[in-house]
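A.B. asks: Dropping the structure in here first, questions after.
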Amino acid sequence: MSATVVDDLPDTRPSVWQAVWKFCRRQPLGTFGLVLVIIIAIAGATAELIAPYNPTANDFAAMTEAPSWEHWLGTDQFGRDMLSRIVFGARTALIVGLTSAAVGGFAGLVVGVSSAYFGGMIDLIIQRLSDIVMAFPLIIMALAVVSIFGPGVHNVIIAITIPLIPRCSRVVRASALTVRSMPYIDAARACGFGATRIILRHMAPNVVAPFLIMVTSFVGQAILAEASLSYLGLGVQEPVPAWGLMLQGGAEEYASTAPWIAIFPGLAIMLAVLGINLFGDALRDALDPKLRER
Amino acid sequence: MYQYIAKRVLLTIPTLLGAAALVFILMRLIPGDICLVRLGGGGGSFDPKALVACHAEIGVDRPYIVQFVEFIWGLMRFDFGTSMWSGKPVSTEILARLPISLEIALLGTAVAIGIAIPLGTISALKQNTWIDVVVRIFAIGGIATPSFWLGIMSVLMVLDLSAWMTGTPWMPPIDYVPIWKDPIRNLSMAILPAITVGYRYAAVSMRMTRSAMLEVMREDYIRTARAKGLINKLIVNRHALKNALLPVVTLLGIEFAFLIGGLVVTEQVFNLNGVGRLFVLAVQNQDYTLTQALVMLTVVIFVFTNLVVDLLYGWLDPRIHFA
């Protein structure tokens, strides 16, 4: 009988599509950001299919060619097709951005929630360690780490991930301190659950809103940090196509005679980070009831 | 108040010591040997005795703990040792390049404040209008634009514009001349890098100003001021802005310290011989003493700005008392 009554109740929860539509209607700038992110993600994922040329193939007969029907965004000083390099560069940017943000964010989540949960001496030590790491500007910390491990995509990811951990843990800890004082955490403790279970199953999911916003901004920061490291010659190495690397050397040398070499990779970085930030801002507004009307 | 300052200064000691330990360990973890680079360019043949002599000369043959204690003792006496690469005192190397970086950082901050506070306030006051949308896009563009790309683009623009206007392309000078000796030459060197680092700085501060102003403009005392019949200009300037500036000042302080990080890339773009460029060179050359001193300089600036920002709170918000 009761089952029938439950079945008769109308389902008032909006479907995923309804939620997406509501988001798009209320957050036009965020939707624009999401569209940019989707385009870049598709470009990165299907680079082999959509790139018109091999991104690493030199063509010395077509060096520094201006944008044309053959090469939509022109060619660089080695005759490599700029569009193909930018499309493949999207993959590098996304791999570095997403991996650094996900790993740094998750590690920061665990450290931040643990710090709030245990409190006392553990909290004090974790916070002081965070202070130390956070006193280093991201690029300086990344430079030091990349010098230890050497350049290359994997090492760049490590170099960018490490400084992101304390930044995330600080924000997460602040939210987790509020969650810790909730009765359901006492209830979980009373049920005899272990610290790991309480931290991962009961506390972490309840600090997801600030965490998600933080991680979204991390993706943008990681893409910018990777580009900066590659530009300094300490990040991704040739011949891997990466946006920052494309701006190193040739871009400055040929800036006045072949400006497209400098313009398009920078535009790609800007649009990717712009898209991620616009989406992140809209996500924050959508998740925070206080900001919804702003 | 003085007790609070003393307590805060004491609290910075563990952070500074920790940072010193971290940079000391990081530098020793970097593979390679500065003496090998000095003697044979990394790959050539060299006399093993010369290598031993070189290690003894720069002091890396001693136990790590001795090196660390010496490093800390030197820091306490403001003696940073000599550069392992050039052989000159580290303080001389840094002081020679500090004016240029400091000038760009301060000019960048001026650019940021000059853009952020008026635009952030207008954006909040004209919320959800086209002005707000334009300012928000301008702000978010600043966060998304890589500073080195903005640098390249600004140089390109200046080159093209000067060539179009005068027939000969003009490049900003790269060598530092103090502002009191030749203000025009000095500013023409520093203004583009300052705008490049200042744009991002302005963007972050602009967003914070907007958000803080939106919050403050909904407060009861603003409603009271309106009910009293005060004109909008007075409400914004005297009541809203002063209260909204509190989080903006915090952010300006934190971002100033990170500006030093931003200089690393910007100085590379503009070919300027500043502290940021010196840092990249020091890391690449594995110059332990120089890198350690530069990192500690950054950390001290970070810790010191945080302290100044905290103390500024009391001045900006009389409700805050330091105990």
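The values are calculated or read from the model by the stated rules, or taken from the named source; none is laboratory data. Remember, it's a predicted structure, so these values are computed and weren't measured experimentally. All Cβ positions, glycine included, derive from the backbone under ideal geometry; neighbour counts span all protein chains shown. Surface accessibility is based on the protein's heavy atoms, side chains included, excluding ligands, DNA and RNA. Shrake-Rupley method; radii C 1.70, N 1.55, O 1.52, S 1.80 Å.
A.B. asks: For A:HIS154, what accessible surface area do you get with a 1.4 Å probe? Give it in Å², rounded to 10.
C.D. replies: Solvent-accessible area, nearest 10 Å²: 150 Å².
A.B. asks: Once you sort the root eigenvalues of the Cα gyration tensor of chain B as a ≥ b ≥ c, which label holds: rounded (a/c under 1.5), prolate (a/b larger than b/c) or oblate (the other case)? Working shown, then result.
C.D. replies: Values: a/c = 2.91, a/b = 1.55, b/c = 1.88.
Note, shape of chain B comes out oblate.
A.B. asks: If each Cα of the range A:71-289 is one equal point scatterer, what is log10 of I(q)/I(0) from the Debye formula at q = 0.10, 0.15 Å⁻¹?
C.D. replies: For the range A:71-289, the Cα-only Debye profile gives -0.52, -0.94.
A.B. asks: Give the aspartates and glutamates reachable from A:LYS22 as a straight Cα distance under 18 Å; neighbours fewer than 8 places away on the same chain don't count.
C.D. replies: A:ASP11, A:ASP281, A:ASP285, A:ASP288, A:GLU293
A.B. asks: Average partner chain C-beta neighbours within 10 Å, per residue of A:126-139? Display every interim value, and only then the final one.
C.D. replies: Details: counts 0, 0, 4, 3, 0, 9, 11, 3, 5, 16, 11, 13, 3, 10.
Mean shielding by partner chains, rounded to a whole number: 6.
A.B. asks: In peptide B:145-158, how many Cβ atoms from other protein chains are near each Cβ within 10 Å, on average? Intermediate results must be reported in sequence, preceding the final value.
C.D. replies: Numbers: counts 7, 14, 3, 12, 16, 2, 1, 10, 6, 0, 4, 7, 1, 0.
Counting Cβ atoms of other protein chains within 10 Å of each residue's Cβ and averaging gives 6.
A.B. asks: Can I ask one more? How far apart, in nm, are the 7 Å Cα→Cβ label points at B:LEU36 and B:LEU98?
C.D. replies: Each label point lies 7 Å from its Cα, and together they span 3.5 nm.
A.B. asks: Roughly to the nearest percent, how much of the accessible area of the protein assembly as shown is carbon and sulfur, given a 1.4 Å probe?
C.D. replies: Numbers: 20380 of 29850 Å².
Roughly 68 percent of what the probe reaches on the protein assembly as shown is carbon or sulfur.
A.B. asks: Sequence gap at least 6, Cα distance under 8 Å: using those rules, report the relative contact order of the range A:44-184 to the nearest whole percent.
C.D. replies: With pairs under 8 Å counted, the relative contact order is 24 percent.
A.B. asks: Now, a different point. If the limit is 26 Å between Cα atoms, which of B:LYS181/B:LYS242; B:LYS126/B:LYS228; B:LYS7/B:LYS88; B:LYS7/B:LYS242 go over it?
C.D. replies: Working: B:LYS181/B:LYS242 38 Å; B:LYS126/B:LYS228 22 Å; B:LYS7/B:LYS88 37 Å; B:LYS7/B:LYS242 28 Å.
Going by Cα-Cα distance, B:LYS181/B:LYS242; B:LYS7/B:LYS88; B:LYS7/B:LYS242 fall outside the 26 Å limit.
A.B. asks: Would you be so kind as to identify all helices of chain A, as entire DSSP H runs, whose Cα atoms reach 20 Å or more along the helix's own axis and whose mean Kyte-Doolittle hydropathy is at least 1.6? Please list the in-between numbers first.
C.D. replies: On the way: long enough: A:28-45 (25 Å, 2.36); A:82-118 (52 Å, 1.44); A:120-134 (21 Å, 1.16); A:153-180 (38 Å, 1.00); A:208-231 (34 Å, 1.43); A:260-287 (40 Å, 1.53).
In chain A, the long hydrophobic H runs are A:28-45.
A.B. asks: State, to one decimal in nm², a quarter of the convex hull surface area for the C-alpha atoms of the range A:56-125, i.e. the direction-averaged projected area.
C.D. replies: 6.8 nm²
A.B. asks: On to the next question. At a threshold of 8 angstrom on Cα-Cα distance, excluding pairs fewer than six apart, so keeping six or more, what relative contact order does the range A:71-289 reach in percent? If you can, show how the numbers build up before the last one.
C.D. replies: Numbers: 305 pairs, mean separation 61.1, N = 219.
For the range A:71-289, the relative contact order is 28 percent.
A.B. asks: Mind pulling the angle between the C-alpha long axis of helix B:48-58 and the longest principal axis of chain B? Nearest 10 degrees, somewhere in 0 to 90.
C.D. replies: Result, in degrees: 40.
A.B. asks: So which chymotrypsin sites (Phe, Trp or Tyr not before Pro) in the range B:128-227 are both in a DSSP loop and have at most 13 other Cβ atoms within 10 Å of their Cβ?
C.D. replies: Numbers: sites: B:TRP130, B:PHE138, B:PHE148, B:TRP149, B:TRP164, B:TRP170, B:TYR176, B:TRP180, B:TYR199, B:TYR201, B:TYR221; in loops: B:TRP170, B:TYR176, B:TRP180.
Those that pass, being in a loop and sparsely packed, are B:TRP170, B:TRP180.
A.B. asks: In addition: Which of the trypsin sites (Lys or Arg not before Pro) across the range B:60-129 are loop residues per DSSP, with 15 or fewer other Cβ within 10 Å?
C.D. replies: Working: sites: B:ARG77, B:ARG97, B:LYS126; in loops: B:ARG77, B:LYS126.
Answer in residue order: B:ARG77, B:LYS126.
A.B. asks: Also: Hey, if we sort A:TYR231, A:TYR254 by accessible area with the 1.4 Å probe, largest down, what's the order? It would help to have the intermediate numbers written out before the result.
C.D. replies: Values: A:TYR231 10, A:TYR254 70 Å².
These residues rank, largest area first, as A:TYR254, A:TYR231.
A.B. asks: What FRET efficiency do you get for A:ARG26 and B:LEU311 if R0 is 25 Å and r is their Cβ-Cβ distance, rounded to the nearest 0.05? Mind showing how you got there, number by number?
C.D. replies: Numbers: r = 41 Å, r/R0 = 1.65.
Using R0 = 25 Å, I get an efficiency of 0.05.
A.B. asks: Follow-up question, since we're still on this one. Can you pull the one-decimal nm distance between simple spin-label points at B:ASN232 and B:ASP175, each 7 Å off the Cα toward Cβ?
C.D. replies: It is 5.4 nm.
A.B. asks: So how much accessible area does B:LYS242 have, in Å² to the nearest 10, using a 1.4 Å probe?
C.D. replies: The value for B:LYS242 is about 100 Å².
A.B. asks: Also, I was wondering about something else. Which residues in the range A:194-218 have a backbone N closer than 13 Å to a point placed 7 Å from the Cα of A:ALA187 along the Cα-to-Cβ line?
C.D. replies: Only A:202 pass the distance filter.
A.B. asks: So for each of B:226-236, A:92-102, A:115-125 I average, over its residues, the number of other beta carbons within 10 Å; can you give me the resulting order with the highest mean first? Numbers along the way, then the final one.
C.D. replies: Values: B:226-236: 12.2, A:92-102: 22.8, A:115-125: 14.5.
So the order, starting with the most tightly packed, is A:92-102, A:115-125, B:226-236.
A.B. asks: Taking 40 Å² as the minimum loss, tell me which residues in the range B:101-141 lose that much accessible area going from the chain by itself to the full protein complex (1.4 Å probe).
C.D. replies: Checking the loss per residue gives B:ARG136, B:ILE140.
A.B. asks: Can I ask one more? Could you pull out the GluC sites (Glu not before Pro) across the range A:33-114 that fall in loop regions by DSSP (anything but H, G, I, E, B) with no more than 12 other Cβ atoms inside 10 Å?
C.D. replies: Listed in order of number, the matching sites are A:GLU70.
A.B. asks: Something else about it: I'm a student and want to see the number: the projected area of the Cα convex hull of the range A:217-294, averaged over all directions, in nm². Please list the in-between numbers first.
C.D. replies: Working: hull surface 24.8 nm².
Its Cα hull, projected and averaged over all orientations, spans 6.2 nm².
A.B. asks: How would B:ASP79, B:ASP310, A:ASP76 rank on accessible area, largest to smallest, probe 1.4 Å? Spell out each step's value before the answer.
C.D. replies: On the way: B:ASP79 75, B:ASP310 40, A:ASP76 5 Å².
Order by accessible area, largest first: B:ASP79, B:ASP310, A:ASP76.
A.B. asks: For chains A and B, what's the summed buried accessible area, probe 1.4 Å, to the nearest 100 square angstrom?
C.D. replies: Values: alone 15600 and 18070 Å², together 29850 Å².
Interface between A and B: roughly 3800 Å².
A.B. asks: Mind checking which aspartates and glutamates have their C-alpha under 19 Å from B:LYS49, skipping anything on the same chain fewer than 8 residues away?
C.D. replies: Within reach: B:ASP33, B:GLU57, B:ASP61.
A.B. asks: Put a dot 7 Å past each Cα toward the Cβ at A:ILE148 and B:TYR221; how far apart are the dots in nm?
C.D. replies: Spacing of the two 7 Å Cα→Cβ label points: 4.8 nm.
A.B. asks: Please calculate how many Å² of accessible area the protein assembly as shown carries per residue, with a 1.4 Å probe and no DNA, RNA or ligand atoms counted. Numbers along the way, then the final one.
C.D. replies: Values: 29850 Å² over 617 residues.
Result: 48 Å² of accessible area for each residue.
A.B. asks: Can I get the semi-axes of the range B:130-213's equivalent ellipsoid? Compute them from the C-alpha gyration tensor as square roots of 5 times the eigenvalues, in angstrom, largest first. Kindly include the intermediate steps, with their values, before the conclusion.
C.D. replies: On the way: eigenvalues 173, 57, 23 Å².
The answer is 29, 17, 11 Å, longest axis first.
A.B. asks: Across peptide A:104-116, what mean number of C-beta atoms from other chains lies inside 10 Å of a residue's C-beta?
C.D. replies: Working: counts 0, 0, 0, 0, 0, 0, 0, 0, 0, 0, 0, 0, 0.
The shielding value for this peptide is 0.
A.B. asks: Using Cβ-Cβ distances only, list the Cys residues of the protein assembly as shown with no partner cysteine under 4.7 Å, sorted by number.
C.D. replies: Cys with no partner Cβ under 4.7 Å: A:CYS24, A:CYS168, A:CYS191.
A.B. asks: Could you bin all the Cα-Cα distances of the protein assembly as shown into 10 Å bins starting at 0 and give me the percent of pairs in each, rounded to whole numbers?
C.D. replies: Result returned by the calculation: 3, 14, 23, 27, 19, 10, 3, 1, 0, 0.
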